[in-house]
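Asker: Okay, here's the structure, questions in a sec.
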Amino acid sequence: MRQVIKDLDIIPTEEEKALCDLPRISEEQDTGKKRKLYIESYGCQMNFSDSEIVTSILFDHGFDTTSKPETADVIFLNTCSIRENAEQKVRNKLKQFIQLKKKNPELVVGVLGCMAERLKSKLLEEEKIVDMVVGPDAYRELPALIAVADEGEKAVNVFLSKEETYADINPVRLGGNGVTAFISIMRGCDNMCSFCVVPFTRGRERSRDAHSIVREAKELYENGYREVTLLGQNVDSYKWQSEDGSEKINFAQLLERVALVNPNLWVRFSTSHPKDITDEVLYTIAKYDNICNYIHLPAQSGNSRILALMNRTYDREWYMDRVNAIRRIIPDCALSSDMITGFCSETEEEHQDTISLMKTVNYHYAYMFAYSERPNTPAAKKLVDDVPEEVKSRRLTEIIELQSATSLELNEKEVGTIHKVLIDGVSKKSDAFLKGRNGQNTTVVFPAGTHKVGEFVHVRVQSATQGTLIGEVIV
Ligand code: SAM
Ligand code: SF4
């Protein structure tokens, strides 16, 4: 029994999958269309959500999807540029398609997303197998660009828009479980964190029409979905107004509208920026039972000098003020963070400040990275990447070990308590177990009994590991 549960423990949640850089692959879908699209997506949830928009556009232009690149007419890699190794993975993947292209010279290979935007037509020179390079705001042009590639020409569109939100496109849900879905509520980012490539690859921040977001949430609920995650690089700065200016909606108001779609629809959101998260948002979360008590609030560092160099526009005191407000207004709210080790000129004492912040906040989870300099970012232009790689990775190991111990300790405290869980899948290791997440975003595993994916159940926790609560259903 113990052994089975240990195996179950390694199933990553959606968020872990995204941040572990595990690509997502399109599923087999045959509705009798003429051509097949294989799309593989890397990086963050925004990219996964974009791939669903891409699939929807091509679905209307004669494409079904396939899970096997060898049966595809068009292969797209939807890419991430956030760290150097993310780009390297894509380059390695492209090499694997060389044989396929030799066998089928008609095959079209396209690179989409952040890497396409960052490298533009240079990518065509560097990777000869690539026929199309398309940035994140040009997906409506894909059918026309494929037509160019079909003629044997190279096709590039990396135009960044100030308006495009794909509000009217109904995403085709890819590789999903039919229960949880992402909804993009905004695109781009106007913050200029000095380490980050996103403002250059995804353009200016723009918020999507609130009515189209609520409509999408309603449709998902009617189609059996029971959880939506509202996505943006900085959801707290969501700001939409109607064309005549009569209607203005901020993030707290949007959250409320989505929560009101149905009390049986769980609402999550990501990512919150510490400089922008307001008490109004926190009170809205506290007011509605179906807005999950979980906030991803990346700190990046626990030291105020480093935060200033990162241009995060808050300091440690501000960050702790926001954490204290969360604790006061939503007492059982789980928090997670992103942390970067070895940013330019970070000293050992400053690294210790990150450790002390992590100990003070007691995050349920953290996504932790060694700093990777990205070409043309403000940090690459103005600061020196002077922390040796071995020091960055030693500091990274230290915070990973600390986080592992904290996650285990927090999970062990839950033994004996009861959690409401939305069942989102069958355990990969054993059909006899189901899995889901509680409101705080912790994975919960339990014997399946007669329960089904998509149901809410209450689970009494019997044991815990670092990543999982294990228990049995009580109602
Ligand atoms: N918008 C989110 C925010 O501000 O918190 C983060 C988006 S970014 C896609 C995800 C995470 O990648 C960041 O929070 C940061 O920790 C990490 N990251 C970004 N650029 C990085 C870099 N150059 N080196 C290492 N980690 C980086
Ligand atoms: Fe990058 Fe900062 Fe924008 Fe997040 S808020 S996407 S880290 S620039």
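Asker: Is any residue of region 443-474 close enough, with backbone N under 13 Å, to a label point placed 7 angstrom from the Cα of K420 along the Cα-Cβ axis, and if so, which?
Answerer: The answer is 456-459, whose backbone nitrogens lie closer than 13 Å to the label point.
Asker: Pairs of Cα atoms under 8 Å, at least six residues apart: use those to get the relative contact order of the chain, whole percent.
Answerer: Numbers: 970 pairs, mean separation 50.4, N = 475.
This gives 11 percent for the chain.
Asker: For the chain, what % of the accessible area comes from carbon and sulfur atoms, probe 1.4 Å? If you can, show how the numbers build up before the last one.
Answerer: Numbers: 10110 of 19890 Å².
Ligands and nucleic acids excluded, carbon and sulfur give 51 percent.
Asker: Pull out the extension gain between A405 and K218, defined as 0.36 nm times the separation in residues minus the alpha carbon to alpha carbon distance; nm, one decimal. Spell out each step's value before the answer.
Answerer: Values: separation 187, 0.36 × 187 = 67.32 nm, distance 3.98 nm.
Stretched fully, the A405-K218 segment lengthens by 63.3 nm.
Asker: Report the local net charge at K275: Lys and Arg +1, Asp and Glu -1, summed over other residues whose C-beta lies under 12 Å from its C-beta. If you can, show how the numbers build up before the last one.
Answerer: Working: positive: R312, R322; negative: D190, D236, D276, D315, D321.
Value of the local net charge: -3.
Asker: What pairs from K128/K382; K102/K122; K122/K275 go past 26 Å between their alpha carbons? Walk me through the numbers before you get to the answer.
Answerer: Values: K128/K382 33 Å; K102/K122 23 Å; K122/K275 36 Å.
Check vs 26 Å cut-off fails for K128/K382; K122/K275.
Asker: In region 49-72, whose amide N lies under 18 Å from the spot 7 Å out along Cα-to-Cβ of E28? List them in ranges.
Answerer: 64-72
Asker: Lysines near K420 by alpha-carbon distance under 24 Å, same-chain residues fewer than 8 away left out - which ones?
Answerer: Answer for K420, where 24 Å is the Cα cut-off: K6, K17, K218, K287, K428, K429, K435, K452, listed by chain and number.
Asker: Rounded if a/c is under 1.5, else prolate if a/b beats b/c, else oblate: with a ≥ b ≥ c from the C-alpha gyration tensor eigenvalues square-rooted, which is the chain?
Answerer: On the way: a/c = 1.42, a/b = 1.19, b/c = 1.19.
Verdict is rounded for the chain.
Asker: Here's another thing I want to ask about it. Before I look further, what does region 299-425 give for accessible area per residue, probe 1.4 Å, in whole square angstrom?
Answerer: On the way: 5430 Å² over 127 residues.
Accessible area per residue, region 299-425: 43 Å².
Asker: Which order do you get for W240, W318 if you rank them by accessible area with a 1.4 Å probe, largest at the top? Each step should come with its number before you reach the end.
Answerer: On the way: W240 35, W318 115 Å².
Per-residue accessible area, sorted high to low, gives W318, W240.
Asker: Right, next: Between R328 and R394, what is the FRET efficiency for a Förster distance of 30 Å, r being their Cβ-Cβ separation, to the nearest 0.05? Walk me through the numbers on the way to the answer.
Answerer: Values: r = 36 Å, r/R0 = 1.21.
Plugging the Cβ-Cβ distance into 1/(1 + (r/R0)^6) gives 0.25.
Asker: Spin-label point model (7 Å from Cα, Cβ direction): what's the E412 to H211 distance in nm?
Answerer: 5.5 nm
The values are calculated or read from the model by the stated rules, or taken from the named source; none is laboratory data. Keep in mind it's a predicted model, so treat the numbers as computed, not measured. FYI the Cβ positions are ideal-geometry reconstructions off the backbone, even for glycines, and counts take in every protein chain you see. Remember, those area values only see protein heavy atoms, side chains included, never the ligands or the DNA or RNA. Shrake-Rupley method; radii C 1.70, N 1.55, O 1.52, S 1.80 Å.
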